[in-house]
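The values are calculated or read from the model by the stated rules, or taken from the named source; none is laboratory data. As the structure is a computational prediction, the values presented were derived from the model and not from experiment. All Cβ positions, even for glycine, are placed from backbone atoms using ideal geometry, and neighbour counts span all protein chains on display.
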Amino acid sequence: MTKRETILQLLENRIMIIDGAMGTMIQRHKLEEADYRGTEFKDWHLDLKGNNDLLCLTQPQIIEGIHKQYLDAGADIIETNTFNAQSVSLADYEMQQLADRINRAAVKAARAAVDQYKAGHPGAEKFVAGAIGPMNKTLSLSPDVNNPGYRAITFDEVAAAYYEQIRALDESGADILLVETIFDTLNAKAAVYAIEKYFRDTQKEKLPVMISGTITDASGRTLSGQTLEAFYTSMMHANPVSIGLNCALGAEQMRPHIEELAQLADCYVSAYPNAGLPNAMGEYDETPEETAKIVGSFAANGWVNLVGGCCGTTPDHIAAIAGVMKSQAPRRLAETA
């Protein structure tokens, strides 16, 4: 049975749990510049604090420990710490040459956490999702308000950066490729193009693909201006296992969009919202019980197949969500119109 077939079989029978925020958990460690640098990069010419993906190389035990906490909380799918781990985003730190290494180290940390969990829970089904973030340059929007036709990057450059990331994630043992937090669908299409090209070039079994977009405000549109239906239509050529929404909104604000997506989608639907909206200090106050209750209502309405958390969520949030889901049935594909 292929990885895709295994996951589809699980999704047919129950709601699967995705992990919560990586950045929120890293912040709990109160790391300083020296922690990010480690030994190898102690003399790096730029500040590195905040380069969370680099911690896969300099503090892998912290990343592995966070993965373990989410597995213990009930997560079925843990995401690699690779949200910005492609050459375009890493160029902010002039570390683009480390993209391959960081992705491989990230999968290694996640895989080690899964292997340790399985050793204590024989027969458990746990998966490593290679997290492919939206990138810090956009193909649909100009960074220059005085020149709306200008683009800071080309489609081929975006696709090449994603191709390198995808290769490293696959070769190092990821089970799933998760194209997430999509605010510009054209960037996501470049990621999908890179996925298709990589597996065509290598003639390897294609990993299951999951897609998750971001509705940025009450307009119900992505940052690049697409409605949810347009986003869905634009991405379905990827034949994803699931399509869904994450980030930007808390679960309550995400509710109408998940309901709409559940009616649109002929594949499985995912939702992993933030822990509410950020307060004046940029922190998230929604309790695990509050988040779980709202996400639980998504399940009770028959809208979702995969749920978890994004910014501000912790293992406590995931444990609460997982607890609620035990009594909920997954959304049925046959229910879509």
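Computed values, structure above
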{"quantity": "Enumeration of residues in segment 153-185 that are out of contact with any Phe, Trp or Tyr (no Cβ under 7 Å at 6 or more places or on another chain), farther than 16 Å from Phe83 by Cα and not charged (D, E, K, R)", "calculated": "Ile153, Thr154, Phe155, Ala160, Ser172, Gly173"}
{"quantity": "Which numbered condition Ser219 misses (of (1) in contact with a Lys or Arg (Cβ under 9 Å, 6 or more places away or on another chain); (2) among the hydroxyl-bearing types (Ser, Thr, Tyr); (3) under 27 Å from Asn279 (Cα atoms))", "calculated": "(1)"}
{"quantity": "Tally of residues being within 14 Å of the chain's Cα centre (by Cα) and modelled with pLDDT of 95 or more across segment 242-268", "calculated": "5"}
{"quantity": "Scope segment 262-294; condition in contact with a helix residue (DSSP H, G or I) (Cβ under 6 Å, 6 or more places away or on another chain), in a helix (DSSP H, G or I) and either hydrophobic (A, V, I, L, M, F, W, C) or under 21 Å from Gly133 (Cα atoms) (or both); matching residues", "calculated": "Leu264, Ala292, Ile294"}
{"quantity": "Residue among Ile195, Ile176, Ile243 that alone is surrounded by 15 or more Cβ atoms within 10 Å (Cβ to Cβ) and either in contact with a Ser or Thr (Cβ under 8 Å, 6 or more places away or on another chain) or among the charged types (D, E, K, R) (or both)", "calculated": "Ile243"}
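Matching residues to (1) assigned to a helix (DSSP H, G or I); (2) free of Cβ contacts under 8 Å to residues at least 24 places away in the same chain; (3) crowded, with 22+ Cβ neighbours inside 10 Å:
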position	(1), (2), (3)
Ala190	yes, no, yes
Asp201	yes, yes, no
His237	yes, no, no
Ala248	no, no, no
Glu252	yes, no, no
